[in-house]
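Below is one structure, written out as structure tokens, with a few remarks after it.
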Amino acid sequence: MSNPGSLRAVSTSAIIVAAGQGQRFGGETPKQFALLGGKPVLVWTLRQFETCPEIDEVVIVVHQDWLQQVKADILAHEQFQKVSRVVPGGVERQDSVSAGLSSLSASVEYVAVHDAARPCVRAEAISRVVLAGRAYGAATLAVAINDTVKRVREQVVCETLDRSSLWAVQTPQVFKYDLLIQAYRAASKDHVYLTDDSALVERLDYPVRIVEGDSDNFKLTVPGDIKRAESILIPG
């Protein structure tokens, strides 16, 4: 892990959110630490940000119980020059991102927030959404929805939605640092908790730019997703 004091001037920092417990994934090991091709999922995620030229700094947010293990078992053995620090997260995802924001270098201008459980994100996609974030102030990777989507109440269809305007949002999501800080302060003041950072920015009536991603950048949810990720990351 690099010395924070030796970092060059930072333009874009990434917060890797790895503090969740992954209840649906099952087992004692959170999904971001499950083995994928012999290495923790988090390692695969960090590699993409390490190789992305648009990212200058990486802060990892983990559950307090995994803090020392990440430092000893991952960062001590992997050559991640951009990781500046590892910090403990909070009860909710929003609390964890807030902890990450408080730990960024003072010179940060833009922030990319990414879920550690999306190890198949490509460095090229990270670059595209970062450039869009710099150009528009707020941007997120997303994929257009191809299936027909229905609104349901008590197992009965209430409405069929027009899928031509529907997108499934992914991460990373990139924002001007000051804008994201403002969004988080407003959410705290209003006691609002959401699982999507772009939704917090939308509450300020600030437009969020969509950057087309791809289906490989999926979020690990169930144990079988490990096999799918391995087929993407370790082809053949």
Checked Arg209, Arg185, Arg163, Arg203 against criteria (modelled with pLDDT under 95 and of a type in the set (D, E, K, R)); the one match is Arg163
Going through the stretch 175-199 in order, the residues found to be without any contact (Cβ under 8 Å) to a residue 60 or more places away in the chain, closer than 17 Å to Gly137 by Cα and in a helix (DSSP H, G or I) are Asp178, Leu179, Gln182, Ala183, Ala199
Over the stretch 44-54, the set of residues closer than 18 Å to Gln69 by Cα and surrounded by 23 or more Cβ atoms within 10 Å (Cβ to Cβ) is Thr45, Leu46
Of (1) more than 28 Å from Tyr206 (Cα to Cα); (2) at pLDDT 95 or above, Asp147 satisfies every one except (2)
Restricting the stretch 49-66 to residues that are modelled with pLDDT of 95 or more and part of a helix (DSSP H, G or I), the one farthest from His114 (Cα to Cα) turns out to be Thr51
So, first residue in contact (Cβ under 8 Å) with a residue 24 or more places away in the chain in the stretch 75-89, second residue in a strand (DSSP E or B) and acidic (Asp, Glu), Cβ within less than 7 Å, six or more apart or across chains; the pairs are Lys82/Glu57; Ser84/Glu57
The stretch 118-160: strands (runs of 3 or more DSSP E) wholly inside it with 2 or more residues that are buried (at least 16 other Cβ atoms within 10 Å of the Cβ) are 138-144
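The values are calculated or read from the model by the stated rules, or taken from the named source; none is laboratory data. As the structure is a prediction and not an experimental result, all values here were calculated from the model. Because the Cβ atoms are built from the backbone with ideal geometry, glycine has one as well, and the counts that use them run over all protein chains shown.
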